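Shown next, in structure tokens, is the structure this report addresses.
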Amino acid sequence: MSAAPPIEPLPYAEEQAERILGAEWRAIATSAYRWMRVGRALDGRMQALQRQGRVGFYGAATGQEAVNVAAGLATDRDDWIFPGLREQLVALVRGHALATYAHHLFADDRDPSRGRNMPCHPSAREVHYVSMSSVIGTQISQAVGLAYALRQKGAPGVSLAFFGDGATSSNDFHAGMNFAAVWNLPVVFCCANNQWAISAPTERQTAATTFAAKASEYGIPGRKVDGTDFVRVYSMLRGALDVARTGRGPVMLEFETYRMTPHSSSDDPTRYQPSDWAMRAASHDPVARLQSWLTALGVLDAETIETIGRAADQQVRAAVEEAEATEPPAPASLTEDVYAPLGSRESPGTG
Ligand SMILES: Cc1ncc(C[n+]2csc(CCOP(=O)(O)OP(=O)(O)O)c2C)c(N)n1
């Protein structure tokens, strides 16, 4: 087995952490670490269960946890999340129950979509988490439409559009960026650049210097951020949300991350990634970076880390056990929520 790669710790002294995250920095960073461990435990378990044939499909977000947890912690209840492929942890941090997500992954009778949506495509109305669409990029223009609706209604909230580097080549990216800028809408565009769109690396995706650079020609401020640095991601998101919330228009953030797992359970990255990729990606592991920083500052010790890891595994185990003990949806439920009652003008799908 090859040796563990060197991990570059986060570069903040205590005073800097306090200045950036505020007086509560220890609580914020510790909460972030706990959530990242939940995400990591979930990814590990679900990939194994998929291989055992117990869930149909899974797409991990391993390596992108700092972005997802920071977004969950930095947003307000009024905000809206339009995920790309890998933001399920944002929903959980915002309060969607892990057990409900497990019911969805197992497509059982307590899955809010009752087995009709592909596993790993949850929606969570109670936390304003809109169902992911597998059609790349479409959520970007939907997020902009929602922001327009918020403005028309005078309702509070910011719309966050998440998407990968590959989605920046979609029509919806250009339409969404243009409309958001022209209408000065409260949108934060979050590009999770994990450097691969399945087998297409960044250099085959764009000739621009960065993805964030694309924003300026639409009249939108764009910033590239180290997406493996929780402190920086959280503070940039807070800043961008503040700009959007106070009527100063959209912002685009590009989070540079490293995809540490296959694209999905249907992928074999050894066919296209260089042989040293896994090692390179592991040296930018956001969970290990946050852990080593918090340990160096004395916020965490080995025992607490062990306890947090065990608690995360246990949470995931309990959610999986509950889902596996639940019956599949009854066949007769197939047509429920599909047709409105005759003579009713109500739309279906209120669940
Ligand atoms: C319109 C469309 N074209 C192609 C696909 C097939 N496809 C699924 S995921 C993917 C790559 C997405 O890459 P990226 O946007 O970088 O997101 P990541 O998977 O890296 O998170 C592609 C091409 C699709 N789902 N929809």
(Q) With the structure loaded, tell me whether Gly219 is part of a loop (DSSP other than H, G, I, E, B) and either at pLDDT 95 or above or at positive phi (or both) or whether it fails that test. (A) yes
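Among the candidates Thr246, Thr307, Thr261, which residue alone is of a type outside the set (Phe, Trp, Tyr) and touching a residue at least 12 places away in the same chain (Cβ under 8 Å)?
On the way: Thr246 fails: touching a residue at least 12 places away in the same chain (Cβ under 8 Å); Thr307 fails: touching a residue at least 12 places away in the same chain (Cβ under 8 Å).
Step by step, each of Thr246, Thr307, Thr261 is checked, and only Thr261 is of a type outside the set (Phe, Trp, Tyr) and touching a residue at least 12 places away in the same chain (Cβ under 8 Å).
Run down Asp242, Asp267 and say which single residue is assigned to a loop (DSSP other than H, G, I, E, B) and of a type in the set (Asp, Glu).
Going through Asp242, Asp267 in turn, just one is assigned to a loop (DSSP other than H, G, I, E, B) and of a type in the set (Asp, Glu): Asp267.
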Q. Of all the helices (runs of 4 or more DSSP H) wholly in region 271-351, which have at least 3 residues that are over 22 Å from Ala3 (Cα atoms) and among the hydrophobic types (A, V, I, L, M, F, W, C)?
A. 302-324
Q: Examine region 111-132 for a residue that is over 14 Å from the mean Cα position of the chain (by Cα), more than 26 Å from Asp242 (Cβ to Cβ) and acidic (Asp, Glu), and state whether such a residue exists.
A: yes
Q: For region 160-216, enumerate the residues that are open to solvent by 10 Å² or more (accessible area, probe 1.4 Å), of a type in the set (Gly, Ala, Ser), part of a strand (DSSP E or B) and more than 9 Å from the ligand (Cβ to nearest atom).
A: none
Q) So is Thr335 of a type in the set (Ser, Thr, Tyr), away from the ligand (no atom under 16 Å from the Cβ), open to solvent by less than 80 Å² (accessible area, probe 1.4 Å) and free of Cβ contacts under 8 Å to residues at least 24 places away in the same chain or not? A) no
Q) Which one of these does Leu92 not meet: (1) within 14 Å of the ligand (Cβ to nearest atom); (2) under 14 Å from the mean Cα position of the chain (by Cα)? A) (1)
**Q.** Which numbered condition Pro156 misses (of (1) without any contact (Cβ under 8 Å) to a residue 40 or more places away in the chain; (2) open to solvent by 60 Å² or more (accessible area, probe 1.4 Å); (3) more than 10 Å from the ligand (Cβ to nearest atom))
**A.** (1)
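Give the residue that is farthest from Trp183 (Cα to Cα), with candidates limited to residues of region 217-234 that are aromatic (Phe, Trp, Tyr) and open to solvent by 10 Å² or more (accessible area, probe 1.4 Å). Full working, then the answer.
Restricting attention to region 217-234, the residues satisfying the condition of being aromatic (Phe, Trp, Tyr) are 218, 230, 234.
Those left that are additionally open to solvent by 10 Å² or more (accessible area, probe 1.4 Å): 218, 234.
On the way: Tyr218: 12, Tyr234: 26 Å.
The extreme case among them is Tyr234.
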**Q.** Selected residue (criterion: nearest to Phe189 (Cα to Cα)) from residues of region 134-145 that are of a type in the set (Gly, Ala, Ser) and surrounded by fewer than 19 Cβ atoms within 10 Å (Cβ to Cβ)
**A.** Gly145
Q. Looking at (1) polar (S, T, N, Q); (2) within 20 Å of Arg317 (Cα to Cα); (3) surrounded by fewer than 19 Cβ atoms within 10 Å (Cβ to Cβ), can you tell me which one Ser131 breaks?
A. (2)
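If a residue must be in contact with a Pro (Cβ under 7 Å, 6 or more places away or on another chain) and within 13 Å of the ligand (Cβ to nearest atom), how many such residues does region 134-150 contain?
First pass over region 134-150, keeping only residues in contact with a Pro (Cβ under 7 Å, 6 or more places away or on another chain): 139, 147, 150.
So of that shortlist, the ones also within 13 Å of the ligand (Cβ to nearest atom) come out as 139.
The qualifying residues number 1.
May I ask you to say which residue of Tyr234, Tyr148 is part of a helix (DSSP H, G or I), closer than 30 Å to Arg26 by Cβ and of a type in the set (Phe, Trp, Tyr)? Full working, then the answer.
Numbers: Tyr148 fails: closer than 30 Å to Arg26 by Cβ.
Of Tyr234, Tyr148, the one residue that is part of a helix (DSSP H, G or I), closer than 30 Å to Arg26 by Cβ and of a type in the set (Phe, Trp, Tyr) is Tyr234.
Of the residues in region 98-116, how many are in a loop (DSSP other than H, G, I, E, B) and open to solvent by less than 50 Å² (accessible area, probe 1.4 Å)?
Initial filter on region 98-116 (in a loop (DSSP other than H, G, I, E, B)): 106-116.
Cutting the leftovers down to open to solvent by less than 50 Å² (accessible area, probe 1.4 Å) gives us 106-108, 111, 113, 115.
Total meeting the criteria: 6.
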Q) Pairs, please: C-beta under 7 Å, at least 6 apart or cross-chain, first residue among the aliphatic types (A, V, I, L, M) and in region 40-52, second not in a helix (DSSP H, G or I)? A) Met46/Val55; Met46/Tyr58; Leu49/Val55
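The values are calculated or read from the model by the stated rules, or taken from the named source; none is laboratory data. The model shown is predicted, which means the values in this text are computed figures rather than measured ones. All Cβ positions, even for glycine, are placed from backbone atoms using ideal geometry, and neighbour counts span all protein chains on display. For accessibility, only protein heavy atoms count, side chains too; no ligands or nucleic acids. Shrake-Rupley method; radii C 1.70, N 1.55, O 1.52, S 1.80 Å.
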